[in-house]
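Comments concern the structure below.
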């Protein structure tokens, strides 16, 4: 898939779990902001100041209308807005697209305020659906999801912890989002309840993604 056009796959969605982790009145940097829907919601509903960065020229054209500032950028090379300091930096489903996520996390320390936090969502490759697929010899890339064909790195709960620790961060909170869904679930509240309960009890197996809140430990 052409990376310039891939933003269309995600341009109409935002991560509500990430949104819930951002307090009111914060200065936020959204890396991989796409068209800026998350930032727009933070501005309108939480009075935040939101800057965005994305590799897609088409996405940034729209993001400039939704955010305070938005710039094109390749996170593996250089991060725009040097000299700015932020209360929160968002990495929503971005880390798995990078060759060297450790290098980005280290660079981001220069953009965090002293009490600032990184908030990231990362797919769980140990999800039950992936394990069952491997059991039957299947590893099929898709347009979106855990096996998105543009993913370069894959993480489990353990390796997510190692990534942040080795990059000089302390994880304050590590939560998860439910990771398996069938149409039948949507019609029975008890099944939805059981799905969410399983995710809380054994997130390593049932989480779709992990939500990380981390601070610079130095």
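The values are calculated or read from the model by the stated rules, or taken from the named source; none is laboratory data. Just so you know, these numbers come straight off a predicted model, no measurement behind them. Backbone-built Cβ (ideal geometry, glycine too); neighbour counts: all protein chains shown.
Just to verify a result, which residue in the stretch 128-146, among those that are surrounded by 15 or more Cβ atoms within 10 Å (Cβ to Cβ) and in contact with a helix residue (DSSP H, G or I) (Cβ under 7 Å, 6 or more places away or on another chain), is nearest to residue 99 (Cα to Cα)?
The residue in question is 146.
If you scan the stretch 199-218, which residues turn out to be surrounded by 14 or more Cβ atoms within 10 Å (Cβ to Cβ) and modelled with pLDDT under 80?
199
Would you check if residue 59 is surrounded by 20 or more Cβ atoms within 10 Å (Cβ to Cβ), outside any loop (DSSP other than H, G, I, E, B) and at pLDDT below 95?
So residue 59 passes the test.
If only one of 124, 66 is under 25 Å from residue 199 (Cα atoms) and either in contact (Cβ under 8 Å) with a residue 60 or more places away in the chain or in contact with a strand residue (DSSP E or B) (Cβ under 9 Å, 6 or more places away or on another chain) (or both), which one is it?
124
Condition test on residue 182, is it farther than 23 Å from residue 102 by Cβ, more than 14 Å from the chain's Cα centre (by Cα), modelled with pLDDT of 90 or more and surrounded by fewer than 15 Cβ atoms within 10 Å (Cβ to Cβ)?
no
Take residue 89 and decide whether it is part of a strand (DSSP E or B) and within 28 Å of residue 145 (Cβ to Cβ).
For residue 89, the condition - part of a strand (DSSP E or B) and within 28 Å of residue 145 (Cβ to Cβ) - is met.
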